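Report on the following structure.
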Amino acid sequence: MYSTEVVRGLSEYNLTGLTSSPTAFVTFDVYKAGGLFSGVNDTPFTGPITIYAYQGNNLEDISDFQAAAVATIGTFNVSPGSTPVGSIFSFDITSVFNQAIANNWNSLGIRLQANSLTASQAWTFQDFRLTSNNQTTGGAVPEPATWAMMLLGFGAIGGTLRRRSVTTRVRYA
Ligand SMILES: [Ca+2]
């Protein structure tokens, strides 16, 4: 279920000690057209990717994909022929950033999502950073090992759902 909305792009920013800012931007680069693992999510997706903001917890965990979005930051399009590796995307998050500060959040999450992705499609982004008040905060971008664990997590969720639906079918047969 959640694997279909995963683009390899997720970051959370520790807001501790930061104050409201006249400008704030989130920026990231294209790392790869496709996923991180050969044979798994390695087909490039073509279409729009939406950037959502959510309340983070300064940890990379599976709840990052389930957390309710509090705002839509923007949308951009990707296609293998027209989105070269190294392309830089940057979006104004000033209002969302300042709202998070006003709400005393200690973490702001940014999630890239393409709802029409199939299980074999992905894009990989890297070097997420939040820039505000001339200070740059590096995003906690998952390392490949972390992603492997998360993919196992997705598999476990799928397995649970499948088992549940099989049980239901038997009961009503
Ligand atoms: Ca998190």
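Computed from the coordinates by the stated procedures, all read-outs in this text should not be read as laboratory data. All values derive from a computational prediction rather than experimental measurement. Glycine gets a Cβ as well: all are built from the backbone with ideal geometry, and neighbour counts include every protein chain shown.
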field: Difference of contour (0.36 nm per residue) and Cα-Cα distance, A102 to S20
entry: 28.8 nm
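Taking the Kirkwood radius as the inverse of the mean 1/r across Cα pairs, report the Rg/Rh of segment 2-141.
Numbers: Rg = 14.6 Å, Rh = 15.1 Å.
Here Rg/Rh amounts to 0.96.
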query: So for the pair A119, S95, with labels modelled 7 Å out along Cα→Cβ, what separation do we get in nm?
result: 3.9 nm
- prompt: If we count other beta carbons within 10 Å of each Cβ, what is the order of Y52, Y13, fewest first?
  reply: Y52, Y13
field: Likely footprinting exposure, R129, R111, fewest C-beta neighbours within 10 Å first
entry: R129, R111
task: Provide the packing ranking of 31-38, 114-121, i.e. peptides ordered by the mean count of other C-beta atoms within 10 Å per residue, highest first.
output: 31-38, 114-121
query: So for S21, S95, fewest C-beta neighbours within 10 Å to most, what's the order?
result: S95, S21
